[in-house]
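The values are calculated or read from the model by the stated rules, or taken from the named source; none is laboratory data. Keep in mind the model is a prediction, meaning the values are calculated, not measured. Quick reminder, even Gly has a Cβ in these numbers, built from the backbone with ideal geometry, and neighbours come from all protein chains shown. The accessibility values were calculated without ligands, DNA or RNA, using every heavy atom of the protein model including side chains. Shrake-Rupley method; radii C 1.70, N 1.55, O 1.52, S 1.80 Å.
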Amino acid sequence: MESIVLTAAIGFGVLWLWSGRFGFLSKIPGPPSPSWIYGNMRELVLAENYGDYEFKWQEKYGMVYKVRGCFGKDRLMVSDPAALKYILSDTAIFARSDQQQRVVRELIGEKTMFYVHGKFPSNSPFFLLIPVTGADHRRLRNIMNPAFSATYIRALPPIFKKVAHRLIENWDTVQESQPSGEPMDIFHSLHDATLDAIGEGTCHYMIDNALFRTLASTRSKLGIITDALIPLVPTFLLRATLHLPTQAFRLLQKNKAIASRVSDDLLKSRMETLKMGDESGRDLLSVLVKANMSDNSAGRMTYEEFSQQIPSVVIAGQETTANTIAWALYELAKNPEYQEQVRQEIATKLTAGEPSFSDLDGLIYLNAFMKEVLRVYAGLPISERQATRDTVLPLSQPIITTTGESINEIPIEKGQHIAVAISAYNKSASVWGEDALEFKPSRWINGGVPAGNAVGPYANLLTFLGGARVCIGWRFAITEIQVILSELIRHFTFALPQDSDICCNVALTIVPVTKSTGSTSLPLIVTRVE
Ligand code: HEM
């Protein structure tokens, strides 16, 4: 009996691994795969600088091509605007991949807005039955949207300015304790600052930095294999693994427990305020607590849903924003002239008082620079999707198949993995021109950027994705970056140490890594402006 079950399981596994190998996708061109185990994944995610291979593949094969994943599974890399719009518009056809869904469910829970969607891709041998639908995602977004609207975000610059000044004090203290001109690692303190900004900007609450430490670490060969195997591992085994006593898993469990305790405290204290009749709060916490107390089923949020949204927002918004500011300071350190131009602009256009929305919008050089950072250093370079049913992907430009046909659309089979190539879209020559790979803030001033027909919500960038799952916090992030960057540039100059050897690695988001030490860090020479 045992041998029958074993043979059936192996047969099923082999079938699953080989499924799709002879479909239409076999005609889509792409780079040769150097390994059956890793496919092209090592080139994709372990490149010394993110995109070393990917951007060349895009140049050679165009905006839709095929790469091989682990164990021979094909995936489609997509940066074609028409295809992207189609993929991002309908979460019922293109859901997050089963690998991502399982990780999110174990790390946060199945009520987080990252998790809820339509049908689940069901070609995985252990596919899950999810008791929620796309309607739950829409309901959660509708409840949360007012706390991320332009009207609410307009109130945030003073909060972000306070956060920036705490960071400035922190850097002053570090500077006093070290010889002048010595490099200072700014990476981790930026993460603490963006955690403060999210806590105060969404809940008027200071999240304890010492407790909620970032998990940023880079990817490894083992991580690639683990990612590929996750959809195949039974849930009980996955849960048991996450409780293994390794440093990373302990930190993960601790963060989860803290997030749940913080949510409890927040709910209780804000409920008290509301019961006392103060309904004036418009921040995310007030919006969520009011929804939890609501009698109207369309606008109601259960306690479980409430407690999983706060950690989701922190996870989504802390690292992405901190890394973007880190890359901005790195580029300023590389471009001393542009840095001085931005500093002059801030000195003449921003008073020492509270910056308003329109003051921030009027900073031409700072905004051009920020857009270029968001374009070149898209925080999340790839987002995975999986088709929940057979469909046809439209293309804005025809591609030539390996059999020589010119095609304007690609048939997609249920279960197909799609990589939404965010960073590649932002660097595509057909969208941004021949100098797309260069870091060039002036393109935003001289009118060299595409107008209209945007895929993403801001400046035609895909950095915040687009469609139904567009980043809910994109306005929050833009305002936060504008305020924190302008205060840091006003108070400090930034220069690269002589032996600087920073690489751009991918963890989940893209992080600066010092090549000689292998550590996630960004040492810069930071000097007070007198
Ligand atoms: C530069 C900073 C940021 C970048 C580059 C960024 C990027 C993204 C991207 C690409 C997604 C889509 C992920 C996917 O579907 O695979 C996303 C979703 C999300 N982001 Fe952001 N984000 C940033 C800042 C923020 C901030 C500050 C917040 C909150 C305060 C936030 C909250 C969220 C949430 C809750 C989602 C999930 C939306 C949903 O599934 O409906 N993000 N973000």
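Just a few scattered comments:
- Matching residues, region 402-422, being charged (D, E, K, R) and not in a loop (DSSP other than H, G, I, E, B): E409
- Count of region 363-401 residues which are touching a residue at least 40 places away in the same chain (Cβ under 8 Å) and part of a strand (DSSP E or B): 14
- Of A378, A454, A419, all but one fail to be surrounded by fewer than 17 Cβ atoms within 10 Å (Cβ to Cβ), closer than 29 Å to A316 by Cα and small (G, A, S); the exception is A454.
- Qualifying residue in region 479-492 (condition: open to solvent by 30 Å² or more (accessible area, probe 1.4 Å), more than 21 Å from the chain's Cα centre (by Cα) and at pLDDT 95 or above): yes
- Of the residues making up region 423-448, those that are surrounded by 14 or more Cβ atoms within 10 Å (Cβ to Cβ), in a helix (DSSP H, G or I) and not hydrophobic (A, V, I, L, M, F, W, C) are S423, Y425, N426, S430, P441, R443.
- With respect to the conditions (1) away from the ligand (no atom under 13 Å from the Cβ); (2) surrounded by 21 or more Cβ atoms within 10 Å (Cβ to Cβ); (3) of a type in the set (K, R), K349 falls short on a single one, namely (2).
- Single residue of region 442-470 satisfying the filter (of a type outside the set (A, V, I, L, M, F, W, C) and within 16 Å of the ligand (Cβ to nearest atom)) that is nearest to G134 (Cα to Cα): R469
Residue by residue, here is whether (1) touching a Cys at 6+ places or on another chain (Cβ under 8 Å); (2) within 16 Å of the ligand (Cβ to nearest atom); (3) modelled with pLDDT under 95 holds:
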site: A387; (1), (2), (3): no, yes, yes
site: V392; (1), (2), (3): no, no, no
site: L395; (1), (2), (3): no, no, no
site: N408; (1), (2), (3): no, no, no
site: P411; (1), (2), (3): no, no, no
site: K414; (1), (2), (3): no, no, yes
site: H417; (1), (2), (3): no, yes, yes
site: V420; (1), (2), (3): no, yes, no
site: A424; (1), (2), (3): no, yes, no
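- Here region 288-304 is the region considered, the condition is being in contact (Cβ under 8 Å) with a residue 24 or more places away in the chain, part of a helix (DSSP H, G or I) and more than 13 Å from the ligand (Cβ to nearest atom), and the residue that is surrounded by the fewest Cβ atoms within 10 Å (Cβ to Cβ) is A298.
- Residue check, L332 in a helix (DSSP H, G or I) and over 28 Å from I489 (Cα atoms): no
- V455 vs. criteria within 22 Å of S79 (Cβ to Cβ), assigned to a loop (DSSP other than H, G, I, E, B) and in contact with a Leu (Cβ under 9 Å, 6 or more places away or on another chain): yes
- Note on region 393-410: residues that are of a type outside the set (S, T, Y) and closer than 15 Å to I87 by Cα amount to 5.
- A single member of I258, I225 is in contact with a Phe, Trp or Tyr (Cβ under 7 Å, 6 or more places away or on another chain) and either surrounded by fewer than 19 Cβ atoms within 10 Å (Cβ to Cβ) or at positive phi (or both), and it is I258.
- When region 325-346 is filtered for residues that are open to solvent by 30 Å² or more (accessible area, probe 1.4 Å) and over 18 Å from V529 (Cβ atoms), only K334 remains.
- Reported count of residues in region 471-485, each being touching a Lys or Arg at 6+ places or on another chain (Cβ under 9 Å) and either assigned to a helix (DSSP H, G or I) or more than 7 Å from the ligand (Cβ to nearest atom) (or both), is 3.
- Members of region 307-346 that are over 29 Å from the mean Cα position of the chain (by Cα) and modelled with pLDDT under 95: none
- Qualifying residue in region 50-60 (condition: open to solvent by 10 Å² or more (accessible area, probe 1.4 Å) and within 15 Å of the ligand (Cβ to nearest atom)): yes
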